[in-house]
Amino acid sequence: MAAVDYITNKFICNKKDDVMNNNLDFKKYFPIFSTNNVVFLDSAASSQKPATVIEAELGCYKNQYTNIHRGTYKLALAATTAYENTRIAVQKFINASSAQEIIFTKGATESINLVAYTYGENFINSDDEIVVTICEHHSNLIPWQRVAKKRGAKLKVCYLDENQDFSLNEFQSLLTDKTKLVCITHLANGLGLEFPIKEIIKLTQRDTTAKILIDGAQIVAHKKVDMQDLGCDFFVFSAHKVYGPSGVGVLYAKEELLKIMPPFLTGGEMVKEVSVTETIFNDLPYKFEAGTPNIAGVIAFKAALEFVSGVGLDKISAHEEILIKKLEDELQVIPGLKILGAKDKHQSLLCFVLENISPYDLATFLDNQGVAIRVGHHCAQPLINYLGYESSSRISLGCYNTEEDISKVVSAIRLAQKFFN
Ligand code: PMP
């Protein structure tokens, strides 16, 4: 712990200098940029890790590792405390009202599946309606397709308007007294638009009795979210997209719902008492955390949250807004390049297609220029097909990206056009 605290404090001191000098080049905190000369523009898939996170995970294995919630010796108690401290850090990060509302999972995908298998399969009934949007990541669509099929419910899809923007009117028109679940992304990973989540929640709560699940996977590294302010029922995200380790995810759910939901996985540690035929399940949040979790990952996740809070989400947001605007301005004047999604509304990521050049050819060309972007359907195949394509190119930002990175990718795209045309 001491090593982690030391590193974190050192980081905060450096950060203050940076902010005072208005120097927002955070690459130096990410070791990968000292070992790889790459313009990394794929943070929406997974972000890079600051040294503090790497050291925290290493430090756990070196100094502190045992299983958690089991041993009674000092080392085990320290590991348990560190693990539970991350839960408190997550609670503060998203302003949940209690740490019991924070469930650790493997990632956003598992968090959504947990809700689908427990809440969905027990509380969604025949003829109920589940509303999603056409922009959902497969993780926030397939679980609901399954629930709808299994329970005889109807899956309703909110499409985009003629400007490829989210339409609150279209969304409202889908709400009925049969709507029992609204599952919606906060920031669409295949489009880069932030949805008006507060208005969506307000409308849903005004017009229906539906529960609301927000897929926050793409928002948490870029903007502050506040569970008490939003008032949603479920909120999910993955640590690896917010500078933390992979294999760690969060499900936030209102306590009253977690209490009535049956467990997802069963096994060790999610129980109070077990006889040969019966089990009394554990209290929250442990009822939903069966088996040995990613202990070191969860412990290191706290360092990621400290990094983000240390820099300040407002600063990250402002920095990325400048970059995405520069990117959008410079891309939209390139002939034959079409940006997907409503104009001038992108946040932290942007998808586009180029006339006569396949995204895969473009990505290979860019890679040879030292620029890493993502191409494909971005696990949002219904969206890309609805927009009339099979795949697109995606540029996504982290706090470490710079104006120079944007200039480099734009020049590389222009060069690709000359090369292929
Ligand atoms: N939702 C969104 C919007 C995403 O972008 C992703 C990851 N690309 C997920 C869910 C799934 O996250 P994970 O793979 O970490 O479970």
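The values are calculated or read from the model by the stated rules, or taken from the named source; none is laboratory data. All values derive from a computational prediction rather than experimental measurement. Ideal geometry is used to build each Cβ from the backbone, glycine not excepted, and the neighbour counts take in all protein chains shown. With ligands, DNA and RNA removed, areas are computed over all heavy atoms of the protein, side chains included. Shrake-Rupley method; radii C 1.70, N 1.55, O 1.52, S 1.80 Å.
Tabulated data
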| quantity | calculated |
| --- | --- |
| Rg [Å, one decimal], Dmax [Å, integer] - the chain, C-alpha atoms | 22.1, 71 |
| Å³ per residue enclosed by the Cα convex hull of segment 74-308 | 119 |
| Entries of Lys92/Lys223; Lys224/Lys408; Lys178/Lys202; Lys202/Lys254 with Cα pairs more than 24 Å apart | Lys224/Lys408 |
| Built amide H within the under 5 Å cut-off of His137, gap 5+ | Asn189 |
| Whole-percent carbon and sulfur share, accessible surface of segment 256-352, 1.4 Å | 54 |
| Rg/Rh for segment 204-312, where both radii come from Cα atoms and Rh is the Kirkwood radius | 1.03 |
| Note, ³J(HN,Hα) from phi for segment 81-95, Karplus 6.51, -1.76, 1.60, rounded to Hz, x at Gly and Pro | 4, 4, 4, 5, 5, 5, 4, 5, 5, 5, 4, 5, 4, 10, 6 |
| Karplus 3J(HN,Hα) series, Hz, for segment 378-393 with 6.51 cos²θ - 1.76 cosθ + 1.60 (x for Gly, Pro) | 6, 6, 9, 4, x, 5, 5, 5, 4, 7, x, 10, 9, 7, 9, 9 |
| Per-residue ³J(HN,Hα) for segment 255-262, Karplus 6.51 cos²θ - 1.76 cosθ + 1.60, θ = phi - 60°, Hz, x for Gly and Pro | 4, 4, 7, 4, 5, 8, 7, x |
| Viscosity 0.692 mPa s, 37 °C: Kirkwood-radius Stokes-Einstein D of segment 98-163 over Cα pairs, µm²/s | 255 |
| Amide H contacts under 5 Å for Glu129, placed H, 5+ residues apart | Lys154, Thr179, Lys180, Leu181 |
| Scattering profile of segment 267-421 at q = 0.10, 0.13, 0.17 Å⁻¹ [log10 I(q)/I(0), Debye over alpha-carbon scatterers] | -0.55, -0.74, -0.99 |
| GluC sites (Glu not before Pro) lying in DSSP loop within segment 390-421, provided at most 16 other Cβ fall within 10 Å | Glu390 |
| Heavy-atom accessible area per residue - the chain, 1.4 Å, Å² | 42 |
| Set of lysines with alpha-carbon distance to Lys62 below 18 Å, sequence-local pairs under 8 removed | Lys74, Lys302 |
| Percent of Cα-Cα distances greater than 25 Å, calculated over segment 56-212 | 44 |
| Burial order of peptide ranges 156-162, 167-173, 91-97 (average beta-carbon count within 10 Å, highest first) | 91-97, 156-162, 167-173 |
| Helix-only mean residue ellipticity at 222 nm for the chain, each DSSP H run of n ≥ 4 adding -39500 (n - 2.57), per residue, nearest 500 | -12500 deg cm²/dmol |
| For segment 314-365, average projected area of the Cα convex hull in nm² | 4.1 |
| Gain in span if fully extended, Leu168 to Leu77, counting 0.36 nm per residue against the direct Cα distance | 27.8 nm |
| In Å, descending, principal axis extents of the Cα set of segment 127-169 | 35, 21, 11 |
| Stretch gain in nm, segment Asp177-Ser275, where the contour uses 0.36 nm per residue and the Cα spacing is subtracted | 31.0 nm |
| Per-selection Rg to Rh, segment 345-409 - Cα, Kirkwood hydrodynamic radius | 0.97 |
| Rg/Rg_ref, segment 124-201, where Rg_ref = 2.2 N^0.38 Å and atoms are Cα | 1.06 |
| Amide H within-cut-off set for His346, under 5 Å, with H built and near neighbours excluded | none |
